[in-house]
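Here's the structure we're looking at; comments come further down.
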Amino acid sequence: MSADRSDQLHQNRATAVATPLAQASGLLRVATGGPGCTEISADVARWLREVEAGDGIVHLLIRHTSASLMIQENADPDVQHDLVAALRRLAPEGPHYRHDSEGPDDMPAHIKAMMMPVTLSVPVLNGRMRLGTWQGIYVVEHRARPHRREVALHFIGTCMAP
Amino acid sequence: MSADRSDQLHQNRATAVATPLAQASGLLRVATGGPGCTEISADVARWLREVEAGDGIVHLLIRHTSASLMIQENADPDVQHDLVAALRRLAPEGPHYRHDSEGPDDMPAHIKAMMMPVTLSVPVLNGRMRLGTWQGIYVVEHRARPHRREVALHFIGTCMAP
Amino acid sequence: MSADRSDQLHQNRATAVATPLAQASGLLRVATGGPGCTEISADVARWLREVEAGDGIVHLLIRHTSASLMIQENADPDVQHDLVAALRRLAPEGPHYRHDSEGPDDMPAHIKAMMMPVTLSVPVLNGRMRLGTWQGIYVVEHRARPHRREVALHFIGTCMAP
C-alpha cells in the first residue's frame, strides 16, 4: 500500500492563495420510469463544464426518501437488473409494515433508501470527475411508478482559466 | 432530464474572488434512548445560523461504530418504527457471531452501521440546507441501551453579510 | 441534546478572509488479499501531514464497483470477520443472477458495494481527522481474489503555518 504522490496539487499555501476557491450550485431534474437505475454521469459532467469547474469537489444530494444515489458499474446492463432484484429481496413488500398508507411499495422504498447513499462527494481534477473506469453515477428509483426526482449539485473548488 | 440553471450561484471566478470561503467546526451531543431515530435537523439548522453560514456544504460525521446518520422521511413516525424493524431483520441477534464480548446487540449494531451513512455532506443555500420537503436528518441508535453520541459538524462556504 | 460551542472555529468572515483555503489531491493504492478489510487510516493521516493540512475536510472516493470504503471499529479483529460474514449472508452467491460472466463472486460483490459507502467526507482539525476513538477507515474487498484498489484523496481547507 503506498500513496502516489505524482498527482498531488496545490500542496502549499502559496498556490492556494493565488487560486481562490469558488462555488456553484445547481439542480438536476431526473424523470424515472419505476424501479431501476437512471445514469446521470453525463448530466453532472455537463454541469461541471457549464460552471467552468477546475479542481475541487462536486457534491450531490438526492432530495427524496424513496429514491437513492448510487455509483456502480456502467458496462453490463444485467448488473443493474440484478441490483434492483437484490434490493427487492432485501426489502420485500408484505403485510408486516405499520406504514402502509402510501401503497405496498412505499415502505420497502424507504428501507432501500436507508441502505444507500443520499449524498455523494466526488473529487474533480481539471474539470473531470475522478471516477473509476467502470463507474457511473445513477439515480435509483425505489417506487413502483415513474417519478420526477431532484438532485442538488454543489461544486467547491477552482474555476478554469477563462 | 434537464439541469435547472436558474439557481446557479457564483459561476464565475470573479464572484468567487469577491466572496472568500470560510469554515466553521462544531460538535452535536445527542442522547439516544435505545434502538430508534433521533431527529437532529433543527440542531444542525440552529448551528448553521450561529456560525452565520451562507452558501456552502455542511458535513456531518458520527463518531461511533454502532450508531448511524440517516436522512429519511420526517412525516409519519410509523416509517421510523418500520425502518428499525427492517434493520433488526437484516442483522438479527444470534449465536453465529465471533464477536460477542460486548453483548448480543453489539455485533448486529456494527453490521447496521456498516450499511448506513457515517458521513453526510449537505448543500446549503442562503443559510438553509437544501433538503427535500420530507427529509429530516437523524441519528439512528443501534445498541439496546441509551447512549450519548457525538456528531462532528463542519461547514465550508460563504458567511452571511453582517 | 445540545451543541458544544467550545470548538467552533473561524465563525466569522474576518477570520476566513485572513486564512484562504487551499486544496490538495492524491491517490492511495491498496493491495487487498481477497474478502476482508484493509485499514488505511494511517495512510490517510500520513498524506494529510505531507500536504500540511490544517482545518478542513478530507474526501475519499474508492474508484471501483466491487470494493467499498468503511468506517468501523478497529479494536477487535473478530468484528471485521463477522462483518464480512454478514455481507456474505446479505448477498450470497447463487444461480439467480443474470450477470455471471465475471465469476460467481462478481454480482454479490456489486450488491455489497451498492449497500456501502463509495465516498466519505471526514472533518479535519489541526491536521487530524476527527474520527471517534474506535473508528478506523477501511477498504473492504468484496471479490474472491486479491486486487489492487485505488482511493482518490482530496483535501479542502487551511494549511498549517510553515
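Numbers below:
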quantity: Overall form of the protein assembly as shown per C-alpha gyration tensor (a/c, 1.5; a/b vs b/c); calculated: rounded
quantity: Among B:D78, B:D106, B:D43: highest mean-square fluctuation, GNM of chain B, C-alpha pairs under 10 Å; calculated: B:D78
quantity: Simple Cβ-charge dipole of the protein assembly as shown, Lys/Arg +1 and Asp/Glu -1, about Cα centre, in debye nearest 20; calculated: 820
quantity: Label 7 Å beyond Cα on the Cβ vector: C:R46 copy-to-copy distances, nm; calculated: 4.3, 4.3
quantity: Sequence of A:R88, B:R89 once ranked by neighbouring C-beta atoms within 10 Å, starting from the fewest; calculated: B:R89, A:R88
quantity: For A:T32, B:T133, order by how many other beta-carbon atoms lie within 10 Å, fewest first; calculated: B:T133, A:T32
quantity: Efficiency of FRET from Cβ geometry, A:E93 and A:R145, R₀ 22 Å, rounded to 0.05; calculated: 0.95
quantity: Region A:97-162, dipole about Cα centre (Lys/Arg Cβ +1, Asp/Glu Cβ -1), debye to the nearest 20; calculated: 260
quantity: Relative compactness, chain A, computed as alpha-carbon Rg over 2.2 N^0.38 Å; calculated: 1.22
quantity: Of A:P95, B:S25, A:Q135, farthest towards positive along the dipole that unit charges on Lys, Arg, Asp, Glu beta carbons give the protein assembly as shown; calculated: B:S25
quantity: Residues C:C159, C:C37, sorted so that the one with the fewest Cβ neighbours within 10 Å comes first; calculated: C:C37, C:C159
quantity: Residue among C:G26, C:G127, C:G54 with the largest mean-square fluctuation in a Gaussian network model of chain C, springs linking Cα atoms under 10 Å; calculated: C:G26
quantity: Part-to-part distance (alpha-carbon centres) for region B:80-127 and region C:97-125, which is given in Å; calculated: 18
quantity: Inter-copy spacing of A:P104 label points, which lie 7 Å from Cα along Cα→Cβ, given in nm from shortest upward; calculated: 3.3, 3.3
quantity: Label distances, nm, B:A31 versus same residue in remaining copies, Cβ-directed 7 Å point; calculated: 5.2, 5.2
quantity: Largest-first ellipsoid semi-axes for region B:90-162, taking √(5λ) over the Cα gyration tensor eigenvalues, angstrom; calculated: 36, 13, 10
quantity: Positive-pole candidate from C:H154, C:H110, C:T38, dipole of chain C, charges at beta carbon; calculated: C:H154
quantity: Cut-off 14 Å (backbone N to label point 7 Å along Cα→Cβ of C:R49), residues of region C:66-80; calculated: none
quantity: Residue-wise HN-Hα coupling along region B:132-146, computed from phi with Karplus coefficients 6.51, -1.76, 1.60 (Hz; x: Gly, Pro); calculated: x, 3, 9, 8, x, 9, 10, 9, 9, 7, 9, 7, 6, 10, x
quantity: GNM result for chain B, Cα springs below 10 Å: residue of B:P123, B:P104, B:P77 fluctuating most strongly; calculated: B:P77
quantity: Test item: Cα-centred dipole of chain B, Lys/Arg +1 and Asp/Glu -1 on Cβ, debye; calculated: 360
quantity: Radius of gyration and maximum dimension Dmax of region A:55-141, Cα, Å; calculated: 15.4, 51
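Bear in mind that the values in this text are calculations on the coordinates, not laboratory data. As the structure is a computational prediction, the values presented were derived from the model and not from experiment. Virtual Cβ from ideal backbone geometry, glycine too; neighbours counted across all protein chains shown.
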